Amino acid sequence: MNETTELLNDYTKQKHIDILYSNITRINFNIKPITSENWINETNIPYIATSYLLDSYSCLHDRPDMAFTFLWKSINNCYKTLGINKILNSTDPNIRLSDALGIDYLIDEINNKKNDVVSVNYNIISLINEYAKVIPLKPFKFLSNQILKGYVMEEAGIPNLLIGSTYSSFKKSYPDIYQKIVNTYGQSYKAISNPTVIDQKVNLGITDLKKSKSIPKSLAEKLKDLFENRTTTVQNSGGANSYTLSITDDKIMIRLLIKTLLYSIRNNSVHGNLVSRLNSDYVNNESLKTAINIYFLGHMFLSLALYVNNEIAIADLKTNEENLNILKQINNCT
(Lines give C-alpha, C1' and ligand atoms only; values in the text may rest on other atoms or scores of the structure.)
Protein backbone atom coordinates (compact mmCIF):
# COMPACT_ATOMS: atom_id res chain seq x y z
CA MET A 1 0.00 0.00 0.00
CA ASN A 2 1.49 3.38 -0.98
CA GLU A 3 1.49 6.45 1.27
CA THR A 4 -1.40 8.13 -0.53
CA THR A 5 -3.70 5.10 -0.19
CA GLU A 6 -2.67 4.60 3.43
CA LEU A 7 -3.40 8.23 4.22
CA LEU A 8 -6.78 8.22 2.47
CA ASN A 9 -7.81 5.08 4.36
CA ASP A 10 -7.01 6.64 7.74
CA TYR A 11 -6.69 10.38 7.32
CA THR A 12 -5.52 12.80 9.98
CA LYS A 13 -3.96 16.19 9.37
CA GLN A 14 -0.97 15.35 11.53
CA LYS A 15 -0.31 12.10 9.66
CA HIS A 16 -0.51 14.03 6.38
CA ILE A 17 2.03 16.61 7.60
CA ASP A 18 4.29 13.87 8.96
CA ILE A 19 4.32 12.06 5.60
CA LEU A 20 4.84 15.27 3.66
CA TYR A 21 7.83 16.30 5.76
CA SER A 22 9.31 12.82 5.76
CA ASN A 23 10.43 13.59 2.19
CA ILE A 24 11.47 17.22 2.63
CA THR A 25 13.05 19.28 5.36
CA ARG A 26 10.77 21.73 7.12
CA ILE A 27 11.88 25.37 6.86
CA ASN A 28 11.05 27.57 9.81
CA PHE A 29 10.43 31.16 8.78
CA ASN A 30 8.44 34.26 9.60
CA ILE A 31 6.62 36.76 7.43
CA LYS A 32 5.79 40.36 8.20
CA PRO A 33 2.02 40.56 7.73
CA ILE A 34 0.27 43.25 5.73
CA THR A 35 -1.35 45.79 8.02
CA SER A 36 -2.03 49.51 8.18
CA GLU A 37 -2.73 52.26 10.67
CA ASN A 38 -5.67 53.08 8.40
CA TRP A 39 -7.29 49.89 9.65
CA ILE A 40 -7.58 51.09 13.25
CA ASN A 41 -10.94 52.34 12.05
CA GLU A 42 -12.73 49.09 11.24
CA THR A 43 -14.72 50.68 8.43
CA ASN A 44 -11.44 51.13 6.50
CA ILE A 45 -10.51 47.44 6.54
CA PRO A 46 -10.89 45.68 3.15
CA TYR A 47 -12.98 42.97 4.76
CA ILE A 48 -13.09 40.31 2.04
CA ALA A 49 -9.42 40.61 1.05
CA THR A 50 -8.19 40.43 4.65
CA SER A 51 -10.44 37.46 5.47
CA TYR A 52 -8.67 35.36 2.83
CA LEU A 53 -5.30 36.83 3.81
CA LEU A 54 -5.80 35.50 7.33
CA ASP A 55 -6.69 32.08 5.90
CA SER A 56 -3.46 32.14 3.93
CA TYR A 57 -1.41 32.95 7.01
CA SER A 58 -3.09 30.11 8.92
CA CYS A 59 -1.66 27.41 6.64
CA LEU A 60 1.47 29.18 5.38
CA HIS A 61 4.05 27.36 7.48
CA ASP A 62 2.69 23.86 6.92
CA ARG A 63 1.47 24.27 3.33
CA PRO A 64 2.77 27.38 1.54
CA ASP A 65 1.35 26.01 -1.73
CA MET A 66 -2.17 25.96 -0.27
CA ALA A 67 -1.56 29.33 1.36
CA PHE A 68 -0.95 30.83 -2.08
CA THR A 69 -4.41 29.70 -3.21
CA PHE A 70 -6.01 31.68 -0.38
CA LEU A 71 -3.65 34.59 -1.04
CA TRP A 72 -4.76 34.75 -4.66
CA LYS A 73 -8.37 35.11 -3.51
CA SER A 74 -7.29 38.31 -1.75
CA ILE A 75 -5.52 39.51 -4.91
CA ASN A 76 -8.60 38.56 -6.93
CA ASN A 77 -10.82 40.66 -4.68
CA CYS A 78 -8.47 43.63 -5.06
CA TYR A 79 -8.40 43.63 -8.85
CA LYS A 80 -12.14 43.01 -8.93
CA THR A 81 -12.68 46.08 -6.73
CA LEU A 82 -10.33 48.09 -8.94
CA GLY A 83 -12.05 46.84 -12.09
CA ILE A 84 -15.54 47.74 -10.85
CA ASN A 85 -14.37 51.27 -10.06
CA LYS A 86 -12.78 51.60 -13.48
CA ILE A 87 -15.82 50.32 -15.35
CA LEU A 88 -18.28 52.46 -13.35
CA ASN A 89 -16.24 55.51 -14.37
CA SER A 90 -16.02 54.38 -18.00
CA THR A 91 -18.10 55.79 -20.84
CA ASP A 92 -18.17 52.41 -22.59
CA PRO A 93 -21.39 50.56 -21.63
CA ASN A 94 -20.18 47.31 -23.21
CA ILE A 95 -17.22 46.65 -20.90
CA ARG A 96 -17.59 43.47 -18.85
CA LEU A 97 -15.28 42.68 -15.98
CA SER A 98 -13.20 39.48 -16.30
CA ASP A 99 -10.14 38.16 -14.53
CA ALA A 100 -7.99 39.11 -17.51
CA LEU A 101 -9.29 42.69 -17.61
CA GLY A 102 -9.11 43.10 -13.84
CA ILE A 103 -5.49 41.96 -13.79
CA ASP A 104 -4.70 44.30 -16.69
CA TYR A 105 -6.16 47.20 -14.70
CA LEU A 106 -4.01 46.18 -11.72
CA ILE A 107 -0.86 45.99 -13.87
CA ASP A 108 -1.62 49.45 -15.28
CA GLU A 109 -2.08 51.00 -11.83
CA ILE A 110 1.06 49.45 -10.38
CA ASN A 111 2.99 50.66 -13.41
CA ASN A 112 1.55 54.16 -12.96
CA LYS A 113 2.83 54.24 -9.38
CA LYS A 114 6.11 52.40 -10.01
CA ASN A 115 8.27 55.38 -9.01
CA ASP A 116 6.56 55.95 -5.65
CA VAL A 117 9.20 55.79 -2.92
CA VAL A 118 8.79 52.94 -0.44
CA SER A 119 11.94 53.49 1.65
CA VAL A 120 15.44 54.93 1.42
CA ASN A 121 16.42 51.74 -0.42
CA TYR A 122 13.54 51.16 -2.81
CA ASN A 123 10.83 52.61 -4.92
CA ILE A 124 8.07 50.27 -6.11
CA ILE A 125 9.70 49.13 -9.35
CA SER A 126 13.12 48.51 -7.79
CA LEU A 127 11.41 46.44 -5.07
CA ILE A 128 9.63 44.41 -7.75
CA ASN A 129 12.92 43.89 -9.58
CA GLU A 130 14.60 42.61 -6.40
CA TYR A 131 11.82 40.08 -5.83
CA ALA A 132 12.20 38.94 -9.44
CA LYS A 133 15.91 38.32 -8.93
CA VAL A 134 15.42 35.77 -6.13
CA ILE A 135 12.79 33.57 -7.82
CA PRO A 136 14.24 30.03 -7.91
CA LEU A 137 14.59 27.94 -11.05
CA LYS A 138 11.57 25.65 -10.61
CA PRO A 139 8.84 28.15 -11.65
CA PHE A 140 10.81 28.81 -14.82
CA LYS A 141 10.93 25.06 -15.48
CA PHE A 142 7.13 25.13 -15.32
CA LEU A 143 6.99 28.05 -17.77
CA SER A 144 9.61 26.51 -20.05
CA ASN A 145 7.69 23.24 -20.29
CA GLN A 146 4.43 25.06 -20.99
CA ILE A 147 6.01 27.00 -23.87
CA LEU A 148 7.87 24.08 -25.46
CA LYS A 149 5.11 21.48 -25.10
CA GLY A 150 2.52 23.97 -26.30
CA TYR A 151 4.59 24.81 -29.37
CA VAL A 152 5.19 21.22 -30.50
CA MET A 153 1.57 20.30 -29.85
CA GLU A 154 0.32 23.24 -31.90
CA GLU A 155 2.73 22.41 -34.71
CA ALA A 156 1.43 18.82 -34.71
CA GLY A 157 -2.17 19.99 -35.03
CA ILE A 158 -3.24 18.96 -31.53
CA PRO A 159 -6.66 20.50 -30.67
CA ASN A 160 -6.40 23.78 -28.74
CA LEU A 161 -8.54 22.26 -26.00
CA LEU A 162 -5.58 20.05 -25.04
CA ILE A 163 -2.97 22.82 -25.17
CA GLY A 164 -2.41 24.81 -21.98
CA SER A 165 -3.68 28.39 -21.85
CA THR A 166 -0.31 29.48 -20.44
CA TYR A 167 1.25 28.73 -23.82
CA SER A 168 -1.39 30.60 -25.80
CA SER A 169 -1.18 33.61 -23.49
CA PHE A 170 2.62 33.74 -23.66
CA LYS A 171 2.60 33.50 -27.46
CA LYS A 172 0.07 36.32 -27.75
CA SER A 173 1.54 38.60 -25.08
CA TYR A 174 5.26 38.41 -25.90
CA PRO A 175 5.53 37.67 -29.65
CA ASP A 176 9.18 38.75 -29.96
CA ILE A 177 10.41 36.67 -27.02
CA TYR A 178 8.19 33.77 -28.10
CA GLN A 179 9.48 33.70 -31.68
CA LYS A 180 13.12 33.76 -30.60
CA ILE A 181 12.49 30.86 -28.22
CA VAL A 182 10.73 28.96 -31.02
CA ASN A 183 13.64 29.59 -33.40
CA THR A 184 16.06 28.01 -30.94
CA TYR A 185 14.75 25.81 -28.15
CA GLY A 186 11.44 25.20 -29.92
CA GLN A 187 13.11 23.71 -32.96
CA SER A 188 15.32 21.50 -30.80
CA TYR A 189 12.34 20.24 -28.82
CA LYS A 190 10.31 19.69 -31.98
CA ALA A 191 13.10 17.48 -33.37
CA ILE A 192 12.64 14.97 -30.52
CA SER A 193 8.82 15.09 -30.38
CA ASN A 194 5.94 13.52 -32.27
CA PRO A 195 2.76 14.51 -30.41
CA THR A 196 -0.41 12.44 -30.80
CA VAL A 197 -3.67 12.15 -28.88
CA ILE A 198 -4.24 8.84 -27.11
CA ASP A 199 -7.35 8.34 -24.94
CA GLN A 200 -8.02 12.10 -24.89
CA LYS A 201 -4.52 12.81 -23.59
CA VAL A 202 -1.47 14.10 -25.44
CA ASN A 203 1.48 11.76 -25.85
CA LEU A 204 4.46 13.88 -26.87
CA GLY A 205 6.18 10.93 -28.55
CA ILE A 206 9.56 11.85 -27.10
CA THR A 207 12.43 10.10 -28.89
CA ASP A 208 15.29 11.27 -26.66
CA LEU A 209 14.51 11.25 -22.94
CA LYS A 210 17.77 12.93 -21.95
CA LYS A 211 17.22 15.86 -24.32
CA SER A 212 13.57 16.11 -23.28
CA LYS A 213 14.83 17.08 -19.82
CA SER A 214 17.92 19.08 -20.76
CA ILE A 215 16.23 21.35 -23.33
CA PRO A 216 13.46 22.67 -21.01
CA LYS A 217 15.96 23.00 -18.14
CA SER A 218 18.33 25.05 -20.30
CA LEU A 219 15.47 27.30 -21.42
CA ALA A 220 14.36 27.68 -17.79
CA GLU A 221 17.85 28.90 -16.89
CA LYS A 222 17.66 31.45 -19.71
CA LEU A 223 14.25 32.64 -18.53
CA LYS A 224 15.55 33.00 -14.99
CA ASP A 225 18.47 35.04 -16.33
CA LEU A 226 16.00 37.19 -18.28
CA PHE A 227 13.95 37.94 -15.17
CA GLU A 228 17.06 38.68 -13.12
CA ASN A 229 18.92 40.86 -15.60
CA ARG A 230 16.21 41.96 -18.05
CA THR A 231 18.26 40.45 -20.88
CA THR A 232 19.72 37.12 -21.96
CA THR A 233 20.94 35.39 -25.12
CA VAL A 234 19.52 32.22 -26.67
CA GLN A 235 20.85 30.24 -29.62
CA ASN A 236 20.05 27.06 -31.50
CA SER A 237 21.88 23.81 -30.80
CA GLY A 238 24.39 24.41 -33.58
CA GLY A 239 25.05 27.93 -32.40
CA ALA A 240 24.48 29.37 -35.87
CA ASN A 241 21.62 31.64 -34.86
CA SER A 242 21.79 33.77 -31.73
CA TYR A 243 19.04 36.04 -30.38
CA THR A 244 18.79 38.52 -27.53
CA LEU A 245 15.73 38.38 -25.28
CA SER A 246 15.04 41.67 -23.51
CA ILE A 247 12.53 43.17 -21.10
CA THR A 248 12.90 46.87 -21.83
CA ASP A 249 9.60 48.03 -20.36
CA ASP A 250 8.73 47.99 -16.65
CA LYS A 251 5.09 47.26 -17.42
CA ILE A 252 6.09 44.12 -19.31
CA MET A 253 8.13 43.01 -16.29
CA ILE A 254 5.15 43.54 -13.99
CA ARG A 255 2.90 41.67 -16.42
CA LEU A 256 5.33 38.74 -16.67
CA LEU A 257 5.42 38.37 -12.89
CA ILE A 258 1.70 38.77 -12.19
CA LYS A 259 -0.04 37.34 -15.23
CA THR A 260 2.48 34.96 -16.79
CA LEU A 261 3.97 33.51 -13.61
CA LEU A 262 1.63 33.92 -10.63
CA TYR A 263 -1.69 33.76 -12.49
CA SER A 264 -0.55 30.79 -14.57
CA ILE A 265 0.49 28.88 -11.45
CA ARG A 266 -2.82 29.78 -9.83
CA ASN A 267 -4.82 28.63 -12.87
CA ASN A 268 -3.03 25.32 -13.28
CA SER A 269 -3.39 24.58 -9.57
CA VAL A 270 -7.02 25.64 -9.16
CA HIS A 271 -8.18 23.86 -12.32
CA GLY A 272 -6.41 20.64 -11.37
CA ASN A 273 -4.03 20.63 -14.32
CA LEU A 274 -1.00 19.84 -12.16
CA VAL A 275 -0.43 17.40 -9.32
CA SER A 276 -0.58 19.09 -5.91
CA ARG A 277 2.98 20.33 -5.59
CA LEU A 278 3.89 19.18 -2.09
CA ASN A 279 1.96 15.90 -2.48
CA SER A 280 3.88 15.01 -5.62
CA ASP A 281 5.96 11.84 -5.78
CA TYR A 282 8.82 14.06 -6.97
CA VAL A 283 8.63 16.63 -4.16
CA ASN A 284 11.94 17.85 -2.76
CA ASN A 285 13.31 20.82 -0.87
CA GLU A 286 13.37 22.82 -4.11
CA SER A 287 9.59 22.30 -4.32
CA LEU A 288 9.11 23.65 -0.80
CA LYS A 289 11.34 26.68 -1.38
CA THR A 290 9.54 27.38 -4.63
CA ALA A 291 6.14 27.33 -2.91
CA ILE A 292 7.45 29.75 -0.28
CA ASN A 293 8.96 32.05 -2.92
CA ILE A 294 5.74 32.13 -4.94
CA TYR A 295 3.81 32.99 -1.78
CA PHE A 296 6.16 35.85 -0.86
CA LEU A 297 6.03 37.21 -4.42
CA GLY A 298 2.23 37.08 -4.39
CA HIS A 299 2.18 38.65 -0.91
CA MET A 300 4.22 41.59 -2.20
CA PHE A 301 1.84 42.10 -5.13
CA LEU A 302 -1.17 41.87 -2.82
CA SER A 303 0.25 44.75 -0.79
CA LEU A 304 0.71 46.73 -4.02
CA ALA A 305 -2.88 45.95 -5.02
CA LEU A 306 -4.10 47.26 -1.68
CA TYR A 307 -1.93 50.34 -2.12
CA VAL A 308 -3.22 51.24 -5.59
CA ASN A 309 -6.77 50.78 -4.22
CA ASN A 310 -5.94 53.28 -1.44
CA GLU A 311 -6.52 50.60 1.20
CA ILE A 312 -3.04 51.01 2.71
CA ALA A 313 -0.45 53.82 2.68
CA ILE A 314 2.94 53.88 0.95
CA ALA A 315 4.64 53.54 4.35
CA ASP A 316 2.86 50.20 4.83
CA LEU A 317 4.81 48.78 1.88
CA LYS A 318 8.03 48.86 3.89
CA THR A 319 7.25 45.39 5.25
CA ASN A 320 8.07 44.08 1.75
CA GLU A 321 11.70 45.06 2.26
CA GLU A 322 11.80 43.06 5.50
CA ASN A 323 10.10 40.12 3.82
CA LEU A 324 12.58 40.26 0.95
CA ASN A 325 15.42 39.82 3.46
CA ILE A 326 13.55 36.93 5.10
CA LEU A 327 13.09 35.32 1.69
CA LYS A 328 16.80 35.61 0.91
CA GLN A 329 17.56 33.81 4.18
CA ILE A 330 15.08 31.04 3.27
CA ASN A 331 16.71 30.60 -0.12
CA ASN A 332 20.09 30.23 1.55
CA CYS A 333 18.85 27.39 3.75
CA THR A 334 20.31 23.99 2.88
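The values are calculated or read from the model by the stated rules, or taken from the named source; none is laboratory data. Remember, predicted model here, so these are calculated numbers, not experimental data. Cβ: placed from backbone, ideal geometry, glycine included. Neighbour counts: every protein chain shown. Ligands, DNA and RNA are stripped out before the accessible areas are found, and what is left, the full protein with its side chains, is counted by its heavy atoms. Shrake-Rupley method; radii C 1.70, N 1.55, O 1.52, S 1.80 Å.
For the cross-link pairs LYS149/LYS289; LYS172/LYS210; LYS172/LYS222; LYS222/LYS289; LYS113/LYS328; LYS133/LYS289, the ones whose C-alpha atoms lie over 22 Å apart are LYS149/LYS289; LYS172/LYS210; LYS113/LYS328. Rolling a 1.4 Å probe over the heavy atoms of the protein chains gives segment 92-244 an accessible area of 50 Å² per residue. Computed over segment 137-248, the P(r) curve from all C-alpha pair distances, binned at 10 Å from the origin, holds 14, 49, 31, 6, 0 percent per bin.
Under the combined filter of DSSP loop state and at most 16 neighbouring Cβ atoms within 10 Å, segment 1-74 retains these trypsin sites (Lys or Arg not before Pro): ARG26.
Sorted by average packing, counted as other Cβ atoms within 10 angstrom per residue and highest first, what order do 61-71, 157-167 take?
Descending mean neighbour count gives 61-71, 157-167.
Work out the FRET efficiency for LYS210 and ASN89 from their Cβ-Cβ distance, taking R0 = 51 Å, and round it to the nearest 0.05.
0.35
About the centre of its Cα atoms, the chain shows a dipole size close to 800 debye [charges on the beta carbon of Lys, Arg (+1) and Asp, Glu (-1) only; nearest 20 debye]. When all alpha carbon pairs of the chain are counted in 10 Å bins from zero, the resulting P(r) reads 5, 23, 32, 26, 12, 2, 0 %.
If you take the C-alpha gyration tensor of segment 1-60, multiply each eigenvalue by 5 and take the square root, what semi-axes do you get, largest first, in whole Å? Present the calculation step by step, with values, prior to reporting the outcome.
Working: eigenvalues 269, 44, 8 Å².
Each semi-axis is √(5λ); the values are 37, 15, 6 Å.
For segment 10-61, chymotrypsin sites (Phe, Trp or Tyr not before Pro) meeting the loop criterion (DSSP other than H, G, I, E, B) and having at most 11 other Cβ atoms within 10 Å: TYR11. Counting only aspartates and glutamates at least 8 places from LYS190 when in the same chain, those with an alpha carbon closer than 18 Å to its own are GLU154, GLU155, ASP208. With the helix formula -39500 (n - 2.57) applied to DSSP H stretches of n ≥ 4, the chain reaches a computed 222 nm mean residue ellipticity of -18000 deg cm²/dmol. Surface composition of segment 106-257: carbon and sulfur make up 47 percent of the accessible area, probe 1.4 Å.
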